[in-house]
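S.K.: One structure follows; several queries about it will come next.
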Amino acid sequence: MIAIFDIDHTLSDASWRDHLMGEPWDKYHRESVNDNPIMQIIAIAKSLRSDGWKIIAMTTREEKWRYITICTLNLFEFHFDMILMRPDNDKRPTPIVKMDQFRQTFFLDQFPNIVIFDDRLDVIEAFREIGVTALQVFAGGKRNVKNIPN
């Protein structure tokens, strides 16, 4: 079994730096070292790992942020087997990049044994469309939240 975890807004609380989103992304990603872990998701990953699951981090942070990303995940005590990152200068939309990362790494017969945790609804929907179990994480802020009538 394989569990794939997004990083920003899923493993780490990045909501405090959302005002930095956009081009250039450097300050947004540089500040990620100050994120706090989302302990509920870290606990899920630890539990799955102790049950023998392979744990993968998947992010659309560019490769140039690999070192800082790995250091942050280590501080969170998030132990992983692999990390998938966006190629430098790849400006495609997040769901397309993540789907490419996924398809380059996994085979069709593995799909039933994979679960993905991500905060973005567009990413969740893309993976559900190909038959992968995808769970949306809500980690604060107002991203991808629909108004719920009282």
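S.K.: Can you tell me which of (1) modelled with pLDDT under 95; (2) among the aliphatic types (A, V, I, L, M); (3) surrounded by 15 or more Cβ atoms within 10 Å (Cβ to Cβ) is the one Ile130 doesn't meet?
M.R.: (3)
S.K.: Okay, next question. If you check Gln101 against the conditions, is it out of contact with any Pro (no Cβ under 9 Å at 6 or more places or on another chain), modelled with pLDDT under 95, within 18 Å of Thr10 (Cβ to Cβ) and part of a helix (DSSP H, G or I)? It would help to see each step written out before you state the result.
M.R.: Details: out of contact with any Pro (no Cβ under 9 Å at 6 or more places or on another chain): yes; modelled with pLDDT under 95: yes; within 18 Å of Thr10 (Cβ to Cβ): yes; part of a helix (DSSP H, G or I): yes.
Considered against the rule, which asks whether it is out of contact with any Pro (no Cβ under 9 Å at 6 or more places or on another chain), modelled with pLDDT under 95, within 18 Å of Thr10 (Cβ to Cβ) and part of a helix (DSSP H, G or I), Gln101 comes out as yes.
S.K.: Considering only segment 48-62, state which residues are over 16 Å from Met99 (Cβ atoms) and modelled with pLDDT under 95.
M.R.: If the condition is that a residue be over 16 Å from Met99 (Cβ atoms) and modelled with pLDDT under 95, then Arg61, Glu62 are the ones that fit.
S.K.: Something else: Among the residues of segment 62-93, how many are assigned to a loop (DSSP other than H, G, I, E, B) and either closer than 17 Å to Leu48 by Cα or of a type in the set (S, T, N, Q) (or both)?
M.R.: Counting residues in segment 62-93 that are assigned to a loop (DSSP other than H, G, I, E, B) and either closer than 17 Å to Leu48 by Cα or of a type in the set (S, T, N, Q) (or both) gives 7.
S.K.: Is it fair to say Ala45 is assigned to a helix (DSSP H, G or I), within 21 Å of Thr105 (Cα to Cα) and in contact with a Leu (Cβ under 8 Å, 6 or more places away or on another chain)? Even if it seems obvious, please write down each step before you answer.
M.R.: Values: assigned to a helix (DSSP H, G or I): yes; within 21 Å of Thr105 (Cα to Cα): yes; in contact with a Leu (Cβ under 8 Å, 6 or more places away or on another chain): yes.
It is true that Ala45 is assigned to a helix (DSSP H, G or I), within 21 Å of Thr105 (Cα to Cα) and in contact with a Leu (Cβ under 8 Å, 6 or more places away or on another chain).
S.K.: Please list, ordered by first then second residue, the pairs with beta carbon atoms under 7 Å, 6 or more apart or interchain, first in segment 81-96 and farther than 16 Å from Ile70 by Cβ, second assigned to a loop (DSSP other than H, G, I, E, B).
M.R.: Going by the 7 Å Cβ cut-off, the qualifying pairs are Thr94/Arg120.
S.K.: I'd like the residue in segment 111-124 that is surrounded by 13 or more Cβ atoms within 10 Å (Cβ to Cβ) and of a type outside the set (A, V, I, L, M, F, W, C) and, out of all such residues, is farthest from Ser15 (Cα to Cα).
M.R.: Selected residue: Asn113.
The values are calculated or read from the model by the stated rules, or taken from the named source; none is laboratory data. Here the structure is a predicted model, which means the values were calculated and not measured. FYI the Cβ positions are ideal-geometry reconstructions off the backbone, even for glycines, and counts take in every protein chain you see.
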